[in-house]
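Report on the following structure.
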Amino acid sequence: MYELLEKINSPEDLRALPENQLEQLCAELRAYIIECCSVNPGHLASSLGAVELIVGFHYVFDSPSDKIVFDVGHQAYAHKILTGRRERFGTLRTAGGLSGFPSPAESPWDAFAAGHSSTSISAALGLAEAAKLQGLERKVVALIGDGALTGGLAFEGLNNAGSSLADILVLLNDNNQSIDGNLGGMHNYLLRITTSARYNRFKEKVWNKLGDSRFRAFLQRWTKSLKSWFVKQSGGDLFESLGFRYFGPIDGNDIQSVVTNLRKLRKLDGPRVLHCCTVKGKGYAPAENDPVVWHAPGRFDPATGERKASARPAARYQDVFGAVLCELADADPRVVGITPAMASGCGMTAFARRFPDRFFDVGIEEEHAATFSAGLAAGGLRPFCNIYSSFSQRAYDQIIHDIALQRLPVVLCFDRAGLVGEDGATHQGAFDLAAYRSIPDTVISAPRNETELRHLMYTALKQERGPFIIRYPRGCGEGSAWENVPFEELPVGEAVTLKEGTEVAVIGTGPAVNRALEAAEEFGDKVGVYYFRFVKPLDEETLSTLVSRYRALVTVEDGCILGGLFGAVSEFVCSRGAGIPVHPVGIGDAFVLHDSQSGQRAACGLDRESLVKTLREILS
């Protein structure tokens, strides 16, 4: 079945193939990716669409000496398979297996780690300048999608690279998609280029005439003014104005076209862009027909395309958020929803359908999402800005400077907070509690179940000052009854007693407190459990009582220990000179690698069994 693929253990083997076999190799790569991802889920559609670009790079360029830098990394599966990891590809995103993203620790062919978007051009520029300063003959390629190109960092990289005259090639993988459909000015701009054939017909004729002759430089200078005019007609002047030579668009799923153009561009120097039009999900009809669902489809039958959805014990937090947001918007016309390109992932698709004029998908622009939300709030609206916890790190300055400093009533909902599972270290929502706890005039909350999320969203809407942060995990809730429950405004900064005790008090936040409560039942009245739904402001009155009543405190949080709930409680105890020990349970001072969420929680001591062991040790 994999006649060619089984013979390739490195790009050197690939380069030994005759060019007329590359199309067959691409087909085998797609079949292998589909086969493996059907039983071990991953990011499917993106990788299927980029097969020819990756095969073309490794066929034309001398990797790993020449470098390819992936943006996000969703499209890198063919790269992993071709660079000596074919036999381990089935371990993708599992404990001890391959990372779902490029990782230099994993392979010398992975030039730069990537999990968040829009980083490739800046990183590739750094690699190119490093090679120049060291006198290395090295080509550097950045592979970036049109969705990632909307990110501000991509434009910063383009601006710097164009003015530097660095030897960098940008492969623009234009498939009209990020995770959801692309929106905005950049999307429309690229669409205008790809639908204007005038300049491309002219340029193709020039390429054919130029060949590899020594008159190339003279002819290029001669045609520069004419080319500039044609580029302006097609829209490619944006890249040209930034200092890049623009080529394309070409069919990025035609391996012969990809190889031909890469060979020509490899001989050139300086900043240049090759615009490649591809199809997300290419070669697999279900993924081509619905690239949003098949971005990460879970397990499926490769023959029929039938997805094998797992039974859910409860509603997902993202779905609860989306439903409650619709309820709030029905009752209050000031409510608006904002997302940086994660409408389906954060549960906003229903809101977008019901309130299209009050829904804003700003593209992969977390910084803009935060400041745009601040502007909406300053204008009298009540924005709910939903950002994945790890992605919110990009908007840190905007949250401080544009929202908190002005005390604007922006509700920041951090989805995927805590341990996220198979996506691994780049996506763990581990740092939000510690990062935002130091910001003045900021409320930070973490619901322990679906009902609490509902009430916290309502409570946030009732506040006249902000920001108000609500963090909640990836996946299903606890199964609490939340639908049609009357809204309740919760007292901000007030903790809840879940269980009284006599010797050790467990202070927990978010769903982790539920596991602590289960563990505490093993010890009768010796262990008390207290739910701090607000990490800021901290319930100091309750803390004072606990310090005086118990001989030890245990903090439990689905976030980094340093600076989070443990930091808040320890600071309070220290400032009071109480001398009571505080034992932390949470994410330690290390990046958590890919595994299932349950496996990660067990490794961090956050599952019931680990908490029982911890409490037993403290009590003894």
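The values are calculated or read from the model by the stated rules, or taken from the named source; none is laboratory data. Everything numeric in this text was worked out from a predicted model, so none of it was measured. Cβ coordinates were reconstructed from backbone atoms using ideal geometry, including for glycine residues, and neighbour counts include every protein chain displayed.
Each row is one residue, and each column tells you yes or no for (1) over 23 Å from the mean Cα position of the chain (by Cα); (2) part of a helix (DSSP H, G or I); (3) surrounded by fewer than 24 Cβ atoms within 10 Å (Cβ to Cβ); (4) among the basic types (Lys, Arg).
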{"position": "Gln393", "(1), (2), (3), (4)": "no, yes, yes, no"}
{"position": "Asp397", "(1), (2), (3), (4)": "no, yes, yes, no"}
{"position": "His401", "(1), (2), (3), (4)": "yes, yes, yes, no"}
{"position": "Gln406", "(1), (2), (3), (4)": "yes, no, yes, no"}
{"position": "Leu412", "(1), (2), (3), (4)": "no, no, no, no"}
{"position": "Thr426", "(1), (2), (3), (4)": "no, no, yes, no"}
{"position": "Pro440", "(1), (2), (3), (4)": "yes, no, yes, no"}
{"position": "Pro447", "(1), (2), (3), (4)": "no, no, no, no"}
{"position": "Glu452", "(1), (2), (3), (4)": "yes, yes, no, no"}
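Among the residues that make up region 303-326, is at least one of them closer than 30 Å to Cys26 by Cα and in contact (Cβ under 8 Å) with a residue 60 or more places away in the chain?
no
Give me the pairs, please: first residue somewhere in region 541-558 and closer than 11 Å to Pro581 by Cα, second residue anywhere and of a type in the set (D, E, K, R), beta-carbon distance under 6 Å, and either six or more positions apart or on two chains.
From residues that are closer than 11 Å to Pro581 by Cα, the pairs are Arg551/Glu503.
Say whether the condition of being polar (S, T, N, Q), within 27 Å of Ala154 (Cα to Cα) and either free of Cβ contacts under 8 Å to residues at least 40 places away in the same chain or assigned to a helix (DSSP H, G or I) (or both) is met by at least one residue in region 11-32.
no
Here's the yes/no breakdown for (1) part of a loop (DSSP other than H, G, I, E, B); (2) within 22 Å of Val60 (Cβ to Cβ); (3) not assigned by TED's automatic domain parsing to the domain that holds Ser392:
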position: Gly126; (1), (2), (3): no, no, yes
position: Glu129; (1), (2), (3): no, no, yes
position: Arg138; (1), (2), (3): yes, yes, yes
position: Ala142; (1), (2), (3): no, yes, yes
position: Leu149; (1), (2), (3): no, no, yes
position: Leu153; (1), (2), (3): no, no, yes
position: Gly157; (1), (2), (3): no, no, yes
position: Ala161; (1), (2), (3): no, yes, yes
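Inside region 537-620, counting only helices (runs of 4 or more DSSP H) that do not spill past its ends, which hold 3 or more residues that are of a type in the set (A, V, I, L, M, F, W, C)?
By residue number, 540-549, 565-576, 608-619.
Inspect region 575-589 for any residue being assigned by TED's automatic domain parsing to the domain that holds Pro511, within 23 Å of Ala602 (Cβ to Cβ) and acidic (Asp, Glu) and give the result as yes or no.
Among the residues of region 575-589, at least one is assigned by TED's automatic domain parsing to the domain that holds Pro511, within 23 Å of Ala602 (Cβ to Cβ) and acidic (Asp, Glu), which makes the answer yes.
Sort out which residues of region 93-108 are farther than 10 Å from Asp595 by Cα and out of contact with any helix residue (DSSP H, G or I) (no Cβ under 6 Å at 6 or more places or on another chain), and write them in order of number.
Residues satisfying the conditions are Gly100, Phe101, Pro102, Ser103, Pro104, Ala105, Glu106, Pro108.
Please enumerate the residues belonging to region 1-10 that are part of a helix (DSSP H, G or I) and of a type in the set (A, V, I, L, M).
Passing the criteria: only Leu5.
Looking only at region 422-458, which residues are more than 17 Å from Glu557 (Cβ to Cβ), among the acidic types (Asp, Glu) and in contact with a helix residue (DSSP H, G or I) (Cβ under 7 Å, 6 or more places away or on another chain)?
Selection gives Asp441, Glu450.
Can you tell me which of (1) small (Gly, Ala, Ser); (2) surrounded by fewer than 19 Cβ atoms within 10 Å (Cβ to Cβ); (3) on the phi > 0 side of the Ramachandran plot is the one Gly347 doesn't meet?
(2)
Kindly provide the set of residues from region 73-115 that are of a type in the set (Lys, Arg) and either part of a loop (DSSP other than H, G, I, E, B) or free of Cβ contacts under 8 Å to residues at least 24 places away in the same chain (or both), ordered by number.
Once the filter is applied, which keeps residues that are of a type in the set (Lys, Arg) and either part of a loop (DSSP other than H, G, I, E, B) or free of Cβ contacts under 8 Å to residues at least 24 places away in the same chain (or both), region 73-115 yields Arg85, Arg86, Arg88, Arg93.
For every residue, the table says whether it meets (1) surrounded by fewer than 24 Cβ atoms within 10 Å (Cβ to Cβ); (2) part of a loop (DSSP other than H, G, I, E, B); (3) out of contact with any helix residue (DSSP H, G or I) (no Cβ under 6 Å at 6 or more places or on another chain); (4) aliphatic (A, V, I, L, M).
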{"position": "Ala460", "(1), (2), (3), (4)": "no, no, yes, yes"}
{"position": "Ala481", "(1), (2), (3), (4)": "yes, yes, yes, yes"}
{"position": "Phe487", "(1), (2), (3), (4)": "yes, yes, no, no"}
{"position": "Gly493", "(1), (2), (3), (4)": "yes, yes, yes, no"}
{"position": "Leu498", "(1), (2), (3), (4)": "yes, no, no, yes"}
{"position": "Thr502", "(1), (2), (3), (4)": "yes, yes, no, no"}
{"position": "Gly510", "(1), (2), (3), (4)": "no, yes, yes, no"}
{"position": "Glu518", "(1), (2), (3), (4)": "yes, no, no, no"}
{"position": "Glu522", "(1), (2), (3), (4)": "yes, no, no, no"}
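Please enumerate the residues belonging to region 33-45 that are in a helix (DSSP H, G or I) and of a type in the set (Gly, Ala, Ser).
Result: Ser38, Ala45.
Would you point out the residue of region 244-294, among those that are at positive phi and surrounded by 18 or more Cβ atoms within 10 Å (Cβ to Cβ), that is nearest to the chain's Cα centre (by Cα)?
Gly281
Can you work out which of the residues in region 524-544 that are under 25 Å from Thr442 (Cβ atoms), surrounded by fewer than 18 Cβ atoms within 10 Å (Cβ to Cβ) and not acidic (Asp, Glu) is farthest from the chain's Cα centre (by Cα)?
Looking at residues that are under 25 Å from Thr442 (Cβ atoms), surrounded by fewer than 18 Cβ atoms within 10 Å (Cβ to Cβ) and not acidic (Asp, Glu), I get Ser544.
Counting only residues that are modelled with pLDDT of 95 or more, give me the helices (runs of 4 or more DSSP H) lying completely in region 307-366 with at least 3 of them.
317-331, 349-354
Residues of region 464-479 being free of Cβ contacts under 8 Å to residues at least 60 places away in the same chain and under 14 Å from Thr451 (Cα atoms), which ones?
Ile470
Give the residue that is farthest from Ala425 (Cα to Cα), with candidates limited to residues of region 554-579 that are at pLDDT 95 or above and of a type in the set (A, V, I, L, M).
So, considering only residues that are at pLDDT 95 or above and of a type in the set (A, V, I, L, M), the one farthest from Ala425 (Cα to Cα) is Val573.
Which numbered condition in (1) in contact (Cβ under 8 Å) with a residue 60 or more places away in the chain; (2) of a type outside the set (Val, Ile, Thr); (3) surrounded by 22 or more Cβ atoms within 10 Å (Cβ to Cβ); (4) in contact with a helix residue (DSSP H, G or I) (Cβ under 9 Å, 6 or more places away or on another chain) is the only one that Leu593 fails?
(3) is the only condition that Leu593 fails.
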